[in-house]
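The values are calculated or read from the model by the stated rules, or taken from the named source; none is laboratory data. All values reported here derive from a predicted model rather than from experimental measurement. Positions of Cβ are generated from backbone atoms using ideal geometry, with glycine treated the same way; all protein chains shown enter the neighbour counts. Accessible surface is based on the protein model in full, side chains and every heavy atom, while ligands, DNA and RNA are left aside. Shrake-Rupley method; radii C 1.70, N 1.55, O 1.52, S 1.80 Å.
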Amino acid sequence: MTHYIGLLDGKKGGYGIAFPDLPGCTAMGRTMEEARRNAIAALADWIGEMGGLEAVPAPSDPETLRLNGEAQEAIREGAFPIAIPLLIESGRSVRANISMDQGILAAIDAAAEERGLTRSSFLASAAIEKIRAEVKP
């Protein structure tokens, strides 16, 4: 999975994330977690507006980012790097064959039915939620 490094800064009540590799791509939030969630959406939106992955730079490796003057300045001022996952939905469904415990599958089906979802929709939303929850400082 592709991750871009964002620089998280701010104080309680107002946090921001800027992406050194993607000028103008920023996100805000009242909490660090809200800023991180908003950064996931901002990253996907920004790349979509620029014409897709082919039209934007690949994520910098940590050494290149460490040598970036703007990033160095932001870090000196208290920002810290955080890995933001790139989640771009294509809008195209594909079939996947998976194996799992029968009891877990029954629990998934019950939970999906309670929410009025298909098994596939439930699993996709659970996977997205899990990926968004992963933080890589």
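So the values come out like this:
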{"read-out": "Charge tally in the Cβ shell below 13 Å around residue 7, where Lys, Arg are +1 and Asp, Glu are -1, residue 7 excluded", "value": "-2"}
{"read-out": "Between 0 and 90°, nearest 10: helix 32-49 axis offset from the chain longest Cα axis", "value": "90"}
{"read-out": "Gaussian network model of the chain, Cα within-10 Å springs - most flexible of 59, 81, 23", "value": "23"}
{"read-out": "Surface share of carbon and sulfur [accessible, 1.4 angstrom probe, percent] for the chain", "value": "54"}
{"read-out": "Using alpha-carbon coordinates, inclination of helix 119-133 to the longest axis of the chain, degrees", "value": "30"}
{"read-out": "Where only alpha carbons of the chain are counted, the Rg and the Dmax (Å)", "value": "17.9, 53"}
{"read-out": "Loop GluC sites (Glu not before Pro), the range 59-98 (other Cβ atoms within 10 Å of the site Cβ: 10 or fewer; DSSP)", "value": "77, 89"}
{"read-out": "Gap separating the Cα centres of the range 109-128 and the range 1-72, nearest whole Å", "value": "30"}
{"read-out": "DSSP-loop trypsin sites (Lys or Arg not before Pro) across the range 64-113, with at most 11 other Cβ within 10 angstrom", "value": "92, 95"}
{"read-out": "Leading residue at positive end of dipole, the range 93-137 (Cβ point charges), from 131, 106, 120", "value": "131"}
{"read-out": "Point-charge dipole on Cβ atoms (K/R +1, D/E -1) for the chain, about Cα centre, debye to 20", "value": "260"}
{"read-out": "Accessible area of the chain divided out per residue, in Å², using a probe of 1.4 angstrom", "value": "68"}
